[in-house]
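Rule-based calculations on the coordinates, nothing more; no lab input. The structure displayed is predicted, hence computed values, not measured ones. Positions of Cβ are generated from backbone atoms using ideal geometry, with glycine treated the same way; all protein chains shown enter the neighbour counts.
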Amino acid sequence: MAQMDPIAVIDQAAAHTRKYIAGVKPNQRNDSTPCEKWNVKQLLDHITGVPLFGLKVFGGTPGSGELKKPGAAFAMILADDILIHGWDLAKATKQDTKLPANLVEACYAAMSPGFANLSKAPGEAFKPMVQVPANADLQTKLLAGLGRKA
């Protein structure tokens, strides 16, 4: 697969996650999520804050230019965050959790080299990797690498 433009991945991940956000019912706001520290409302707050954080880090506006290696890597982390927390939201609110294959591929390519180190990150942001069979689909492998059970 050809490498996707990180900004396109962010845009597509945000568009997909917006569908999950629209599917949240008011009575689900206090429900638990796969992110044990957050309920649905807190997860929504995080998801909607990620793009604003990214703009502050980049110091620009959407469409302000091509990103090179460090910026592109950070953009892929943001894209992955939006996509995976969208999955968390879908799982918590009993929506369809199937993610777009092209986004799964892009995020897996960007994130999988660092899976082993994620659970060692400060602040306990990531759970340890979940073991899955070698023949598991790529979405299952991506989720497992980020400490989630599909």
Length gained when the stretch Ala15-Lys149 is fully extended (0.36 nm per residue, less Cα-Cα span): 45.9 nm
Formal net charge of residues neighbouring Phe115 (Cβ-Cβ distance under 12 Å; K, R +1; D, E -1): +3
Reachable lysines, given that their alpha-carbon falls under 25 Å from the alpha-carbon of Lys25 and they are not under 8 places away in the same chain: Lys37, Lys41, Lys91, Lys94, Lys98, Lys149
Surrounding net charge for Lys91, when Lys and Arg each add one and Asp and Glu each subtract one, Cβ distance under 15 Å: +3
Residue exposure sequence - Lys98, Lys141, Lys41 - by fewest surrounding Cβ within 10 Å: Lys98, Lys41, Lys141
Cα principal axis extents for segment 1-44, largest first, Å: 40, 21, 15
Ranked list, fewest to most other Cβ atoms within 10 Å of each Cβ, for Met76, Met111, Met129: Met129, Met111, Met76
Stretch gain in nm, segment Asn135-Gln3, where the contour uses 0.36 nm per residue and the Cα spacing is subtracted: 45.2 nm
Simple spin-label estimate for Ala109 and Gln95 in nanometres, 7 Å along Cα-Cβ: 2.6
